[in-house]
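What follows is calculated from the coordinates using simple rules that are stated; it is not laboratory data. What you see is a predicted model; the values in this text were computed from it and never measured. Here Cβ is always computed from backbone atoms with ideal geometry, including for glycine, and neighbour counts include all displayed protein chains.
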There are 4 protein chains.
Amino acid sequence: MSQSNRVRWGVIGLGWFGEVHADNLAEIPEIELAALCTRRPERLNEIGERLGVNRLYTDYRELLADTEIDVVSITTHINDHRDIAIDALRSGKHVLLEKPMAPTVADCEQIVEVANNAKGFFMVGHICRFDPRVTIAKQAIDEGRIGKIISMHARRNLSKAIGQTVLDDISALMGDGIHDADLMLWFSQANVSTVYAQEVHPGQNKFPDGGWSIARLDNGAVAVVESVWHLPESTPYAIDARLEVIGTEGALYINCGEAGLTIHDAQGVKMPDTMYWPRPFGNYFGVLKEELCYFANCVRNNEVPKRITPAESCAAVAWMEAATESAQTGSVLRF
Amino acid sequence: MSQSNRVRWGVIGLGWFGEVHADNLAEIPEIELAALCTRRPERLNEIGERLGVNRLYTDYRELLADTEIDVVSITTHINDHRDIAIDALRSGKHVLLEKPMAPTVADCEQIVEVANNAKGFFMVGHICRFDPRVTIAKQAIDEGRIGKIISMHARRNLSKAIGQTVLDDISALMGDGIHDADLMLWFSQANVSTVYAQEVHPGQNKFPDGGWSIARLDNGAVAVVESVWHLPESTPYAIDARLEVIGTEGALYINCGEAGLTIHDAQGVKMPDTMYWPRPFGNYFGVLKEELCYFANCVRNNEVPKRITPAESCAAVAWMEAATESAQTGSVLRF
Amino acid sequence: MSQSNRVRWGVIGLGWFGEVHADNLAEIPEIELAALCTRRPERLNEIGERLGVNRLYTDYRELLADTEIDVVSITTHINDHRDIAIDALRSGKHVLLEKPMAPTVADCEQIVEVANNAKGFFMVGHICRFDPRVTIAKQAIDEGRIGKIISMHARRNLSKAIGQTVLDDISALMGDGIHDADLMLWFSQANVSTVYAQEVHPGQNKFPDGGWSIARLDNGAVAVVESVWHLPESTPYAIDARLEVIGTEGALYINCGEAGLTIHDAQGVKMPDTMYWPRPFGNYFGVLKEELCYFANCVRNNEVPKRITPAESCAAVAWMEAATESAQTGSVLRF
Amino acid sequence: MSQSNRVRWGVIGLGWFGEVHADNLAEIPEIELAALCTRRPERLNEIGERLGVNRLYTDYRELLADTEIDVVSITTHINDHRDIAIDALRSGKHVLLEKPMAPTVADCEQIVEVANNAKGFFMVGHICRFDPRVTIAKQAIDEGRIGKIISMHARRNLSKAIGQTVLDDISALMGDGIHDADLMLWFSQANVSTVYAQEVHPGQNKFPDGGWSIARLDNGAVAVVESVWHLPESTPYAIDARLEVIGTEGALYINCGEAGLTIHDAQGVKMPDTMYWPRPFGNYFGVLKEELCYFANCVRNNEVPKRITPAESCAAVAWMEAATESAQTGSVLRF
């Protein structure tokens, strides 16, 4: 850490979300946004200049070799996650890896093995686990308020305008269903027994625009994930994200799509994000910042991150990988 | 019909819902509630007296032989549907049969065959098709406002207090999922290609308290039905019924559970039914009445009921029957 | 009544809402839409032909002289209410008069005096009193479930597109606030003690587009009415109508704007009316029909309509008239 | 500031909310919770010990004399605000004063005068101005997306259980209406022209449990504030807080009461706070933290706080003071 006890952070991958990471990090007092890395020199310089960052790399290995960096965010294309995460862990950095951990369980397991022997901490950024609506729900579940979970449903739908920007890289189920797969396993503390899925592919991109997966969990619960990235232009939702958890003694309902503000103007009806990374008056608020601060705090206090374990992140990938296979083959997969 | 041109109606089966039928019928000016039938003489007399009905039968065959009756509602246990419906149709009555049509497709097909050759009209009471929220949605779909349907989800969940009164007769999927199976096929005008389901059975009754079914339709859409009759005592919902229909050009959302009135009192938070068969000031309002009037009107005008066809009612049973089998075997069923 | 015991009904005034009355009446089996009246011959013939009505009048006095008519709906401009209602009552017809009863309390009192001595029944069509969300709320209040009422708020806001079609005839407060004034007095069974109001007039029409009125009731409650006819084009609400009633032991909330169906399509986000006079598949459903049937039923059974009394309708006008004066003078009015 | 550049903070007043301040401050890395003050030695020691704070004072003047403190939160009874704020400002501390600034405008003006000549910064903690739902709304308004504001309504209602703990100190209007008075003036950038109010007092405490105030603003808008601290025990709302802003070209709606999580369990239906100061897993999240960090950041960067000015805080008190007077006298107050 820096002399002033700030965590020195580098961001590898400066796509849309890498920039959001960088922008958030730059605003957090206890963090020093110290380095950036992308293969595109122009973008690298532009963002570096804007945020006052001097350590700029087009090769992530050089960033990893920089001893003045404590932590890296890996926000690259999912296909690059495995190699960069492994290299970063081997370099001794603390690693915050964007979700999903990797495209396959096989890849995930390689990462986990390296992480288990690494000096630095490793966490996959399942951001929803830092959303207070989710964490308060998790606490209520852990306190037994809704009894034993018997049925869960999660919806996480996006406009096709957004979908089209991502669907050449990842399917809706793998890209967004991963959030809910993770939350459902976290809530239930159960494992997946069987998986079935169906996908729809109305768009022109490489991956399916929408998918549904039903899992049977080993505690007897049914868990259903819906991810459709094909809502119309007029959709008011920044994201239509809801979660229903029914237990033997109670039930709880999370609604992240209707997040407290609706604007009716010449552009129609819109419900902007107020919780994940809103930036009113030019300053970030919300859940992403919470995640980054959590990881920074672990590093500062030398405490292993417990909010999300590598094995949990791997289990979510396993479900979504199986769902993808089920959707392709039409058959039920058993674990 | 009576001299005053009123449709003379008999109700066969006086369980909870048979009584609701009778009570509604008694209030509709163009209908004459003329006969009642149940095997329980005490209940028969009690309801007959209360509603001023003289033609009281403990044997439904006698009611069917009564030439002063034009129409019968069959609101018996589902296992009795086939025989009574067939006898009623053969007797020349117009028949309004409660949903589901029958427990199996085989039974349904027998009914349909008789209905096709019957003098009277035959309709299964898929009540939701008379709900204006649903019918306006159907019109919007037919007008092409949301394009081609790609994904649907329906939830129809009830408290376990209600569930326990019914779960020895029918499962949640067959009992309530049938509504949504019917609506989804109506909306999409498609057929089921494959069916998969999972059920949960946390209660002590004969049938599973909850179920989820995914169908692939032959137009490429995914259709998902959720029916859980295990909400906690504190649930504010009279019924938590929602429907999402996503199309290539739009989306629509029906919410029947949050039906415009919420009362916070010493008993907690409650959202009473305001649409299906509410009875403010002792008079019925709503969708059931609409269904009864629709059928009465068909009879008066001698117009075949087109809102719901026997084949459609049979297709909904086929889906739920397959879902039940899938839930039991764990395998995917193909049509 | 006709030989077939149907109530023979005439509609006086064929503006937009008069036509809605006529269309609804034409669909109700126990009612015979028998006569129509408007000063515009072309419109008279057009609607008469469309609905198969032969008795067509351009002078309402001739309709009133027609002995084959039992009931009249008066759906004219508010300024004509007093004279037509009085003439209709004197002619011996049963009279269903659109709300507000008349522009001033003085006018109302003249009508009430004639009504008190009339052979026919008289009721002002405060349609919300037939809305099950409202009537179930009223029952809950009467049962003491929320204790003694201490605070009420009603919102009834419309798009400016709709507002502009009406604001040369009536203000938002008088036109829509009248509904809530009526409901609040009905709920609380109290009288207005003091009234204060503010209006806004951003539009170009004759009357103010929006108004707020606070009343102190003689049971100690505060009752606040909001009516703004200036929502943007993009508003999803057919009407944004909500009602909050807080009592010493409970509270209840009515939401008529979010009425169970939301459509996202190329036109934006819309929540169509599903309760007042929706017309799916070409047939009316809902609260207006309920009101018409209620009045028809009173006539058929020769029972004085008790749901709404003339004195109550007058009291609502008194409040809105006082609110209008308060908004103009800026002072508080005391009753 | 400390050597490690952390802002050293003291909290004066350790009632319920003072403790929330202290707890939040203790968790923020860039802040050092350095001192605490309350007249109750036992509570002082208990909280000091729990949070590891050594500088403990029973006399706030001693805390103000402590040169190792940069900032103070004043979270005392409102009646003590004026004297402590003035002393704190004179001592050279930066002062974050809880809302409302003081009970009267006269008091506020004295504070403002001292603040204008003070070395330290001064801000009243109108916490809602740090709520992203509010700040994004403010930005939309400033961008002209809803045109010129014509009508506003704010509701901020609490259960009587909470009300009873506060109503001997402050009325609902002054205690909670102050938030909305502030927001409405901020949104509209207008001044109050006239004020009218009604209060209800069903409870046994010193101050009225509920109040409504209508203000006419000098830009022509009507602004209505509702604060009722008398919701039933069963209310699901942690706080029922909503805000409607209608403009000539658009409208926006804030809903802080339905904040994304609903739990149905043996205790009934509850919607916990997820935004203001939720503490999932023992760590604070949300808007209060945002406010504290904002002020800390101003201090660290030596930038005058612009989010809320003393004059604005004074104007909100002026409105609520006038509302209180109007409610007592029954007359309209003009500014």
Note, D:W212: beta-carbon cut-off 13 Å, +1 each Lys/Arg, -1 each Asp/Glu, net -4
Quick calc, A:E62 & A:T104: beta-carbon distance into FRET formula, R0 41 Å, rounding 0.05, result 0.90
Nothing charged except the Cβ atoms of Lys and Arg (+1) and of Asp and Glu (-1): what's the magnitude of the dipole of the range A:7-125 about its Cα centre? Round to the nearest 20 debye. 140 debye
Label point 7 Å beyond Cα along the C-beta direction, distances from C:N191 to other copies (nm, shortest first): 4.2, 7.2, 7.7
Which Cα, out of B:I28, B:V53, B:A251, lies furthest along the positive dipole direction of chain B (beta carbon charges, K/R +1, D/E -1)? B:A251
Give the residues of the range C:150-188 whose amide nitrogen is closer than 17 Å to a point set 7 Å from the Cα of C:Q204 in the direction of its Cβ. C:160-169
Partnerless cysteines, meaning none of the other Cys C-beta atoms lie under 4.7 Å away, in chain B: B:C37, B:C128, B:C256, B:C293, B:C298
Net charge (Lys, Arg +1; Asp, Glu -1) of residues whose beta-carbon lies under 11 Å from that of B:A238, B:A238 excluded, is -2
Find the Cα radius of gyration of the range B:91-134, compare it with 2.2 N^0.38 Å by division, and give the number to two decimals. 1.28
Cβ nearest the rotation axis (D onto C), residue from chain D and distance to the nearest whole Å: D:Y196, 2
So if I take the alpha carbon set of chain C, get Rg, then get Rh from the Kirkwood formula, what is the Rg over Rh ratio? 0.96
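Report Rg(Cα)/(2.2 N^0.38 Å) for the range B:77-161, keeping two decimals.
1.39
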For the range C:193-335, what class follows from the C-alpha gyration tensor (a ≥ b ≥ c being the square roots of its eigenvalues): rounded when a/c is under 1.5, otherwise prolate if a/b is larger than b/c, else oblate? oblate
In what sequence do C:D107, A:D180, B:D182, B:D66 fall when counting other Cβ within 10 Å, fewest first? B:D66, C:D107, B:D182, A:D180
Residue range of chain D that is longest and free of GluC sites (Glu not before Pro) which are both DSSP loop and sparsely packed (at most 12 other C-beta within 10 Å): D:144-302
Pairs from B:K138/B:K206; A:K148/A:K206; C:K99/C:K119; C:K206/D:K306; A:K138/A:K270 whose Cα-Cα separation, in the structure shown, is over 31 Å: B:K138/B:K206; A:K148/A:K206; C:K206/D:K306
Evaluate the relative contact order of chain D (contact order divided by residue number), counting alpha-carbon pairs under 8 angstrom at least 6 apart; express in whole percent. 18 percent
Taking neighbour Cβ counts within 10 Å as the exposure measure, how do C:K160, B:K270 sort from fewest upward? B:K270, C:K160
7 Å along Cα→Cβ, label-point gaps from D:R40 to other copies, nm, shortest first: 5.9, 6.0, 7.2
If we restrict to alpha carbons, what Rg and Dmax does the protein assembly as shown come to, in Å? 33.3, 102
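Go ahead and estimate [θ] at 222 nm for chain D from helices alone: -39,500 (n - 2.57) per DSSP H run with n ≥ 4, summed, over the residue count, rounded to 500. Before the final figure, lay out each step's value.
Values: 10 runs with 115 residues, N = 335.
Mean residue ellipticity, 222 nm, calculated: -10500 deg cm²/dmol.
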Going toward the positive end of the dipole of the range B:7-125, with +1 on Lys and Arg Cβ and -1 on Asp and Glu Cβ, which of B:I111, B:F17, B:F122 do you reach last? B:I111
As an exercise, use a Förster radius of 35 Å and the Cβ-Cβ distance of A:N191 and C:R307 to find the FRET efficiency, rounded to the nearest 0.05. 0.05
Kirkwood radius from Cα pairs of the range C:149-250 plugged into Stokes-Einstein at 20 °C, 1.002 mPa s, gives D in µm²/s equal to 154 µm²/s
What are the equivalent ellipsoid semi-axes of the range D:7-125, built from the alpha-carbon gyration tensor (square roots of five times its eigenvalues), in whole angstrom, biggest first? 22, 15, 12
Given the C-alpha centroids of the range D:251-276 and the range B:273-335, what is the distance between them in whole angstrom? 35 Å
Name the residue, out of B:V11, B:V134, B:V317, whose mean-square fluctuation peaks in a Gaussian network model built on chain B with Cα pairs under 10 Å. B:V134
One finds the C-alpha centres of the range D:1-58 and the range B:200-216 to be spaced, in Å, by 54 Å
